[in-house]
Every structure is written in structure tokens, then in C-alpha cells.
Amino acid sequence: YELPDTRRRIIPHSVVPDLKRTLEIALKMVPTAERVYMVSGVHPLDRWFEDKARRDFRQWEDRFEFRYLSDLPLEKILDASAGAASDSIIFITNFSTDVSGKPLTTMEVGRRLTRVSKAPVFGCIDTLLGNGIVGGSLISLEYVGTKAGEMALDFLSRAQYTGNVPTVLEVAQVDAFDWRQLRHWNLKESTLPR
């Protein structure tokens with residue numbers, strides 16, 4: 001990409017979360033699950049995550065009941081999560097605004113979810129780790145920053161990319177889990193991915 005006034009190249013990082021991987025992990029960890037409660041807000045980015053989840057999870061719709069909660073205000077989302085059976089899965093994606101227009105952060109909603117939920121909470125963003133989620137295949141914002149810094153240093157040292165500049169910074173997701181949450185939910189370490 002080029003900015004018209006500076007002619008500088010911008011290398012974007014396009015975040016396309018692997019939501020399927022997190023759900024596959026969650027289903028191995030909670031093998032008796034029959035329901036998956038999907039928590040997200042209504043901001044356009046929140047909706048994008050939910051739409052992606054709806055597409056990605058179609059293959060499981062005949063085996064599990066998916067309850068998408070974005071059409072509820074936060075308090076009702078928390079009530080629905082609190083009422084979920086213990087063998088359910090709560091999956092939080094992204095949360096910026098609830099249906100009433102109340103601005104929130106994904107971390108804040110994640111913390112509140114885990115305080116009321118009787119079922120384990122999984123996510124797809126690393127900032128939720130340590131804030132109540134069991135874990136999952138996470139978009140690591142720190143790892144994205146590290147990779148961007150490494151690329152910048154390579155450019156500055158001219159060690160790489162002399163004529164072959166990438167158009168997109170691709171960064172793999174990281175499987176990560178909170179040991180405290182594994183113990184809290186009595187989830188088996190043997191079900192974790194390698």
C-alpha cells in the first residue's frame with residue numbers, strides 16, 4: 001500500500017482469527033458439551049467476528065446448539081452465561097459495544113463472564129488470557145508487535161527484503177492456556193494441544 005502524500009509503503013497485518021481451532025480445542029476439553037454460547041458485541045468489528053464464527057461453525061450445527069448472544073444487553077448476556085449448564089462452552093470473540101450502545105472492552109466482558117459462568121470460557125485474543133478464559137488459539141498482539149519489530153530491524157539492517165518486500169505481515173496464532181483456569185474447571189492437561 002502507498003500513501004499518496006508520502007509514497008511510503010505500509011505493510012498491514014490482516015487479522016483473520018482461526019475460530020475453528022479454538023472451538024476444536026474447547027470440544028476436546030469439554031467432550032460432553034451440547035451447547036456453545038457465543039459472546040460478542042454489536043460494533044462492526046464485533047459483528048465481523050460473529051459472522052465469521054457463524055460461517056466457521058456451520059459444520060457443527062447438527063451436533064451442537066449454538067446460542068449467539070449479541071442481540072442482548074450485557075446484563076442479559078451475563079444472565080444467559082450464568083444459566084448455562086456446566087458442560088457448556090462459553091466462547092467470547094470481540095466486544096466493543098453492547099446492543100444498548102454501552103461501550104465496553106473485551107477484557108472487561110471476559111472478566112465479568114468468568115465471575116458468573118458455571119461453564120469454562122474460551123477466547124481468541126491473548127489479552128483475555130489471565131483475565132478469566134481457559135485459553136484457545138489466540139491472536140497474540142504482543143507476538144504481532146514482536147514480528148513487526150523484527151521486520152523493521154531487518155529493513156534497517158538490509159539483512160532481508162532487499163527486493164522481495166512482503167505485502168502483508170503474517171503472524172501465526174498461539175495456542176495458550178491459563179493453568180489456574182484448567183484447575184478451576186477440572187480440565188485435563190492431556191487434552192491440550194502439543
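The values are calculated or read from the model by the stated rules, or taken from the named source; none is laboratory data. Computed from a predicted model, the values in this text were never measured in an experiment. Note: ideal-geometry Cβ built from the backbone for every residue, glycine included; neighbour counts use all protein chains shown. We work out accessible area using only protein heavy atoms, side chains counted, and drop any ligands, DNA or RNA first. Shrake-Rupley method; radii C 1.70, N 1.55, O 1.52, S 1.80 Å.
Data overview
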| quantity | calculated |
| --- | --- |
| Residues (of a type outside the set (A, V, I, L, M), within 15 Å of LEU69 (Cα to Cα) and over 11 Å from the mean Cα position of the chain (by Cα)) located in region 84-100 | SER88, SER96, THR97, ASP98, SER100 |
| Pair list, Cβ < 9 Å and 6+ apart or interchain, from region 181-192 residues that are at positive phi and open to solvent by less than 100 Å² (accessible area, probe 1.4 Å) to residues that are assigned to a loop (DSSP other than H, G, I, E, B) and polar (S, T, N, Q) | none |
| Residues of region 8-50 that turn out to be of a type in the set (Phe, Trp, Tyr) and crowded, with 18+ Cβ neighbours inside 10 Å, as a count | 2 |
| Any chance THR22 is under 20 Å from the mean Cα position of the chain (by Cα), free of Cβ contacts under 8 Å to residues at least 12 places away in the same chain and closer than 24 Å to ALA148 by Cβ | no |
| Failed criterion for ASP87 (all others in (1) buried (at least 20 other Cβ atoms within 10 Å of the Cβ); (2) under 25 Å from PRO193 (Cβ atoms) hold) | (1) |
| Matching entry among SER88, SER40 (being polar (S, T, N, Q) and either farther than 25 Å from HIS13 by Cα or modelled with pLDDT under 95 (or both)) | SER88 |
| Tally of residues being in contact (Cβ under 8 Å) with a residue 60 or more places away in the chain, farther than 19 Å from LYS188 by Cβ and of a type in the set (A, V, I, L, M, F, W, C) across region 25-39 | 1 |
| Whichever residue in region 63-84 is under 25 Å from LYS188 (Cβ atoms) and in a loop (DSSP other than H, G, I, E, B) and, among such residues, is most open to solvent (accessible area, probe 1.4 Å) | ARG63 |
| Output for region 103-119, where each listed residue is open to solvent by 30 Å² or more (accessible area, probe 1.4 Å) and either of a type in the set (Phe, Trp, Tyr) or under 17 Å from the mean Cα position of the chain (by Cα) (or both) | THR105, MET107, GLU108, ARG111, ARG112, THR114 |
| Residue in region 115-135 that is closer than 30 Å to ILE77 by Cα and of a type in the set (Ser, Thr, Tyr) present | yes |
| Hits in region 51-62 (condition: assigned to a loop (DSSP other than H, G, I, E, B) and crowded, with 16+ Cβ neighbours inside 10 Å) | PHE57 |
| Single residue of PHE66, PHE122 found to be under 17 Å from the mean Cα position of the chain (by Cα), closer than 22 Å to ARG180 by Cα and among the aromatic types (Phe, Trp, Tyr) | PHE122 |
| Residue count for region 90-102, restricted to those that are surrounded by fewer than 20 Cβ atoms within 10 Å (Cβ to Cβ) and closer than 25 Å to VAL16 by Cβ | 2 |
